[in-house]
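Working notes, structure below.
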Amino acid sequence: MKSFVRLTLVLLFFSATLCFAANPVLIGSKKFTESYVLGEIAKRTLNETGIPAEHRQGMGGTIILWEALRGGQIDVYPEYTGTIAQEILRTERQLSVQEIRDALTKFGVGMTEPLGFNNTYALVMRRNEAQRLGIRTIGDLGKHPELKIGLTHEFLDRRDGWQPLRQRYSLPQLNIVGIDHALGYAALAKGSIDVKDAYSTDAKIAENDLVALADSFDFFPKYDAVFLFRTSLRDDAIAALHGLAGTLDEARMVRLNAEAERTKNYTKAANLYFQNAAGSTTLTGDESFWQKLARWTLRHLELAGFSLLLSIVTGIPLGIFASRGGATGNMILGFAGVMQTVPSLALLALLVPLPFFGISVRTAIAALFLYGLLPIVRNTASGLQDIPRSLRESAIALGLTPAARLWRIYLPMASRSILSGIKTSAVINIGTATLAALIGAGGYGEPILSGLNLNDHVTILEGAVPAALLALIVQWSFDLLDRILIPKGLRL
Amino acid sequence: MSALVQLVDVTKGYTDAPALHPTNLSIERGKTTVLIGPSGCGKSTLLRIIIRLIAPDSGTIDFDGSQITPANIEILRRRIGYVIQEGGLFPHLTAHANILLMARHLEKSDKEMRTRLSELCELTRFPENLLARYPLELSGGQRQRVSLMRALMLSPELLLLDEPLGALDPLVRASLQKDLKEIFARLRQTALLVTHDLAEAAYFGDEIVLMNEGRVVQQGSITDLRERPANPFVSEFINAQRSVALA
């Protein structure tokens, strides 16, 4: 009896620690340098208060982060007051901080005071070009309709973005291209575009000798940086976040952004904040490249492996049904076919708002699973249909039960086709799994994404090369597996 | 002694096989019955209906005194051997595994299977050292011997053969014909053999069933057919085959 009590206590203790360890505060960030850095700052702030926290870097745009916060997939993320008013509360009015905070309450979301800097939108140009053409304000662009404008997709669609801006300043430009934020800076430097949208604290503005055009009509609302958090978050965590208010001015944020882009390391940039703020010089343990590679590889294998396993376990039975033809068979093949025509990015985005999924590894695995289904279903069905009728009849005539026919005759005979379907799925999955990083699920997509963000080829290659190698290794292992799993009689 | 198989008014409309008009047929125990006729006459359909690869539209088929139904056919199939033109061997299994497939499925003892296998090798004159080969590593004649062994493994009461020698070259065919006839005699095997070749029918058939356009035209010995043709088609069929053989 005593030992039973002791056992229960031990179990209780373990489950309690597990619960605690398994529920760190989850911090999200948007897909640009400043958001990454703010995410890191929040993480370290919480960690130093003794609260476990994890940072899901670069999960996407405003809507994805907001939905994730509301859905409880993340607890905290950095946002800007202007964006909250325009994109989340959908009002044209300039709201005060208190008005915004009140409006957010009904979503179960709280907001810190402004962190201290206003990162508003701006249009930027190369300084020498602006001087040559005599352009100082956004309105001056009207005199030069030939200028090529490259805008981020978010800015193109925003309610405080390009369309209303163009109307406000009566700009004639029609030559607009949509381009990724970081790539846009490279395009601007090379001269393939002349004007782009920017955040006023972007480090690249100083670095590339760009000039922000004056917003003489005060078109852009104020974008004071704040942290949004779930009001259900533990009190000590909320207090720690409130402590960050008013500690970051514009100049300092520009420096942190520049540091992040120079060192290609968001943690380092965030550490700079703490050195100056607290005078403390303790750096949190930096991950070496090999540690990171191991982490990415494990996660990538987890994503591709689990989804492949699911595809196999459901794809083969579906393929068996489909091989029998008829309406059901066609429906199964049709469904699997449609799944594969949905662009992988769209599939991810469609799954995110669903209740069970959200921003998580689950979602990535589910999307990859749906994606990998078609090759397996189709190859299983066609492999079975290709078995000559005379051999099917021989199996029936022998008196084998339907199950025995399937397991001993049909599936082994279709094994080559089924395995090649699985191989196709595996290779597709490894490639597509790089997109999982977009919803914070990690893997080799993580360095690719931050490399894209920093416009840094080396970082991109850190993810792209291992992903390609992994695909090759998987291809080879399947060739090896063919020799083990395909019966010898079929390989003659 | 009653017939082993009795077909009464069996019909099949034309859907996936040549049609069959109401047909009656008995297959006597211990004898070789040959179904012969021009292509599309329904002889293969009839054979496949017996083992229910095709379901008849109407009529009854009795096997050893009990009617064949969808419910009991799976068990009855184990008492019937089936050999087709190309052998129907499963390419992913060795000759050995093909032959033992059903016995293993029924969990026969190893000893029993070994004994039966060497009996069959001896009976079909198949070298035991070739048993480890896959179908693709065997000649056409060897494949048919393996197929025959597979069909005979469980000592079936009835052996169905659908053009078993049709795809073989003449020399192999002649030697296999001879062996097959000996085997039938030794085992007193009840067999139903489909062929389009009159010489083969005459060689094997204790009883020859001539079919045309989904009907049995005449049933009897080769002498009956030759000397007492039931109608002009019978003489025409016999003479046509004879003149081809002479030419």
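Where a number appears in this text, it was derived from the coordinates with a stated rule and is not lab data. Nothing here was measured: the structure is a model prediction, and the numbers come from that model. Don't worry about glycine lacking a Cβ; one is built from the backbone with ideal geometry, like all the others, and counts go over all protein chains shown.
General observations
- Residues with amide H under 5 Å from that of B:S221, placed H, sequence gap 5 or more: B:I208
- Centre-to-centre, using Cα atoms only, the stretch A:260-274 and the stretch A:403-455 are separated by 35 Å.
- Among A:475-486, A:29-40, B:123-134, A:403-414, sorting by the average number of other beta carbon atoms lying within 10 angstrom of each residue, highest first, gives A:29-40, A:403-414, B:123-134, A:475-486.
- 3J(HN,Hα) along the stretch A:435-443, derived from phi through the Karplus expression 6.51 cos²θ - 1.76 cosθ + 1.60 where θ = phi - 60°, amounts to 6, 4, 4, 4, 10, x, 8, x, x Hz, with x in place of Gly and Pro.
- In summary, the helical segments of chain A meeting the span-like criteria, namely a full DSSP H run, a Cα extent along the axis of 24 angstrom or more and a mean Kyte-Doolittle hydropathy of at least -1.0, are A:2-22, A:289-323, A:361-385, A:411-432, A:457-485.
- The ellipsoid that matches the Cα gyration tensor of the stretch B:33-146 has semi-axes, each √(5λ) in whole angstrom, of 29, 19, 12, with the longest given first.
- Projected label distance in nm at A:I473 and A:T263, using a 7 Å step from Cα toward the beta-carbon: 3.0
- Cut-off 19 Å (backbone N to label point 7 Å along Cα→Cβ of A:T49), residues of the stretch A:258-273: A:270-271, A:273
- For the stretch B:91-155, the mean projected area of the C-alpha convex hull, equal to one quarter of the hull surface, is 3.9 nm².
- Debye, to nearest 20: dipole size of the stretch A:121-212, +1 on Lys, Arg Cβ, -1 on Asp, Glu Cβ: 260
- Sum of -39500 (n - 2.57) over DSSP H runs of 4+, divided by residues of chain A (222 nm, nearest 500): -18500 deg cm²/dmol
- Between amide H atoms placed 1.01 Å from N, distances below 5 Å from A:E54 occur with A:V25, A:L26, A:I27, all of them 5 or more places distant or on a separate chain.
- GNM on chain B, alpha-carbon springs under 10 angstrom: the most fluctuating residue among B:H105, B:H21, B:H92 is B:H105.
- Using 0.36 nm per residue and subtracting the Cα-Cα separation, the extra length available between A:D157 and A:F217 on full extension is 19.5 nm.
- Here the dipole of the stretch B:32-111 is about 140 debye; that uses its Cα centre as origin and unit charges on the Cβ of Lys and Arg (positive) and Asp and Glu (negative).
- Cα centroid separation, the stretch A:200-241 to the stretch B:171-247: 96 Å.
- Where a label projected 7 Å from the Cα of B:D169 along Cα→Cβ would reach, residues of the stretch B:115-142 with amide N under 19 Å: B:136-142
- In this Cβ point-charge picture (+1 for Lys and Arg, -1 for Asp and Glu), chain A has a dipole of about 1920 debye about its Cα centre.
- A simple count of charges around A:L183, restricted to other residues whose Cβ falls under 11 Å of its Cβ and scoring Lys, Arg +1 and Asp, Glu -1, yields +1.
- Semi-axes of the equivalent ellipsoid for chain A, computed as √(5λ) from the eigenvalues of its C-alpha gyration tensor and ordered from largest down, come to 49, 30, 21 Å.
- Hydrodynamic radius (Kirkwood) for the stretch A:289-490, which is based on Cα pairs only, to one decimal in Å: 18.2
- In whole angstrom, chain B maps to an equivalent ellipsoid with semi-axes of 30, 22, 16, each derived as √(5λ) from the alpha carbon gyration tensor and ordered largest first.
- Of B:K111/B:K181; A:K31/A:K423; A:K488/B:K108, those spanning more than 31 Å from alpha-carbon to alpha-carbon: A:K31/A:K423
- Qualifying GluC sites (Glu not before Pro) for the stretch A:115-206 [loop in DSSP, other Cβ within 10 Å: at most 14]: A:E146
- Other-chain or far-sequence residues with amide H under 5 Å of A:G60's (modelled H): A:K31
- Relative pair counts by distance (%), Cα atoms of the stretch A:121-212, 5 Å bins: 3, 15, 28, 29, 20, 6, 0
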